[in-house]
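Have a look at the structure below, then the notes.
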Amino acid sequence: MVKLAGIAMKRMQSFILLGCLLLASLAQAQMVRLETDLGNIDIELYSEQAPLSSENFLAYVDSHFYDGTIFHRVIPNFMAQAGGMTYDFTQKETRDPVPNESSNGLRNTYASVAMARFSDPHSATSQFYINLNNNAHLDPTKNGPGYTVFGTVTQGMDVVADIAAQPQGMYRAHPNAPNMAIRILKAYRITEATESDSSTSKDQ
């Protein structure tokens, strides 16, 4: 009887440990790395506050949609936009638009990542931007929605600054595009351990 009780206790402990590991796994932050021509940019997603935008972004990441796209609109001290065009400014075909989630309490502050869109609040697809400043005018107001923030750069803001410092003006149709195409070579999911161990990323 004592032996059986001991076995049951060990099994119970194993189940508890397994449950804790599962919860820890679920609670782990979702992160994405952008490998660019100038270095790595690591982004932590706010999956709870912006679930639709985060899921949308990850769908593009997982399908390798962003691989080979460029930072096509970069305005120093404002933002760096990417995720929709190839090096020759060809617009890539996207998935359906994602609903606006700008009322989630997240703000367009320095290093935050948000969905780019047209004037229609619900027109965001693949393009996103990284804030190079605190851009409160992009947040929602009593008069209407803003631009949905769904993540933040945890490492690599110096890379974003390098992108913003590149000469511009060569392309008449895209005056805010860097003269030298800055590509996202690869975009993929990472873990916090991967981020900590990275030796190729520049520090923020």
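The values are calculated or read from the model by the stated rules, or taken from the named source; none is laboratory data. Owing to the predicted nature of the structure, the values given are computational and were not obtained by experimental measurement. Here the Cβ is made from the backbone with ideal geometry for all residues, glycine too, and neighbour counts use every protein chain on show.
If we keep just the residues of the range 72-99 that are farther than 16 Å from residue 60 by Cα and in contact with a strand residue (DSSP E or B) (Cβ under 7 Å, 6 or more places away or on another chain), which is surrounded by the fewest Cβ atoms within 10 Å (Cβ to Cβ)? Top of the filtered list is 87.
Would you say residue 138 is closer than 19 Å to residue 54 by Cα and at pLDDT 95 or above?
Details: closer than 19 Å to residue 54 by Cα: yes; at pLDDT 95 or above: yes.
Taking the combined requirement at face value, the residue satisfies it.
Which of the residues that make up the range 78-92 are touching a helix residue (DSSP H, G or I) at 6+ places or on another chain (Cβ under 8 Å) and at positive phi?
Applying the first criterion (touching a helix residue (DSSP H, G or I) at 6+ places or on another chain (Cβ under 8 Å)) to the range 78-92 yields 80, 83.
Selection gives 83 alone.
The set of residues in the range 51-97 being in contact with a Lys or Arg (Cβ under 9 Å, 6 or more places away or on another chain) and more than 16 Å from residue 188 (Cα to Cα) consists of 71, 79, 80, 81, 84, 85, 86, 87, 97.
Residue-by-condition table, conditions (1) out of contact with any His (no Cβ under 7 Å at 6 or more places or on another chain); (2) under 23 Å from residue 31 (Cβ atoms):
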| site | (1), (2) |
| --- | --- |
| 80 | yes, yes |
| 87 | yes, no |
| 97 | no, no |
| 108 | yes, yes |
| 136 | yes, no |
| 146 | yes, no |
| 165 | yes, no |
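Taking the range 140-173 as the range and being surrounded by fewer than 21 Cβ atoms within 10 Å (Cβ to Cβ) and either touching a Lys or Arg at 6+ places or on another chain (Cβ under 7 Å) or free of Cβ contacts under 8 Å to residues at least 24 places away in the same chain (or both) as the test, the residues that pass are 141, 142, 143, 144, 158, 167, 169, 170, 172.
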